[in-house]
Amino acid sequence: MESSETAPGIRVGESKIDGRGCFATTHFKKGRKIVELVGERVSRVEAARRMRGKRRLHICAIDSYRGIDSSRGGNGSQFVNHSCQPNTFVRIVCGHVIFFALRDISAGEELTLDYVESYHPDTKGCRCGAPGCRGTINLIKKKQSR
């Protein structure tokens, strides 16, 4: 069950990208911490079990062994949608997933992140609408020829 609480500085609302999104309620300067992704910490085996058959995923890997299931106890940051031209980036610091502003972000803007590599299949299409959109959520690396 999702938490009804959101972290300070963000709100959840309808997204033009996909379903619900996470929006800034205040101005964030480039480089500033926005929010920490919170939820239940789970093993990768449990994460895989919870993702089976799901269309929407709210699990973020922390490392090779653990992840955060933000659909359980999340704070609204689990609704940060993918974009090929994001306005946030994440850093994993001592097991904490923290969102930072990639550029200045105005109040009311949807917060977006380039997932680059996610639990979604590589075939999952992107609907960000950004100029130069790559067409998929995951960055598909071209195989090197030998």
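The values are calculated or read from the model by the stated rules, or taken from the named source; none is laboratory data. Bear in mind that the values here come from a model prediction, so they are computed numbers and not experimental data. Positions of Cβ are backbone-derived with ideal geometry, glycine not excepted, and every protein chain shown enters the neighbour counts.
Report, by residue number, each residue of the range 89-107 that is touching a Lys or Arg at 6+ places or on another chain (Cβ under 9 Å) and not basic (K, R).
Correct list: G95, V97, I98, F99, F100, A101, L102, D104, I105.
Among the strands (runs of 3 or more DSSP E) confined wholly to the range 35-146, which include 1 or more residues that are hydrophobic (A, V, I, L, M, F, W, C) and within 15 Å of the chain's Cα centre (by Cα)?
59-61, 66-69, 88-93, 96-101
S77 versus (1) within 16 Å of G9 (Cα to Cα); (2) of a type in the set (G, A, S); (3) exposed (fewer than 14 other Cβ atoms within 10 Å of the Cβ): which is the lone unmet condition?
Status for S77: all satisfied but (3).
From the list I105, I68, I62, I140, exactly one residue is more than 18 Å from D18 (Cα to Cα), crowded, with 20+ Cβ neighbours inside 10 Å and out of contact with any Cys (no Cβ under 7 Å at 6 or more places or on another chain). Which is it?
I105
Go through (1) surrounded by 17 or more Cβ atoms within 10 Å (Cβ to Cβ); (2) over 24 Å from G39 (Cβ atoms) and name the single condition A130 misses.
(1)
Residue by residue, here is whether (1) modelled with pLDDT of 95 or more; (2) of a type in the set (K, R); (3) more than 16 Å from I137 (Cα to Cα) holds:
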position: A24; (1), (2), (3): yes, no, yes
position: K29; (1), (2), (3): yes, yes, yes
position: I34; (1), (2), (3): yes, no, yes
position: R50; (1), (2), (3): no, yes, yes
position: G53; (1), (2), (3): no, no, yes
position: H58; (1), (2), (3): no, no, no
position: G67; (1), (2), (3): no, no, yes
position: S70; (1), (2), (3): no, no, yes
position: A101; (1), (2), (3): yes, no, yes
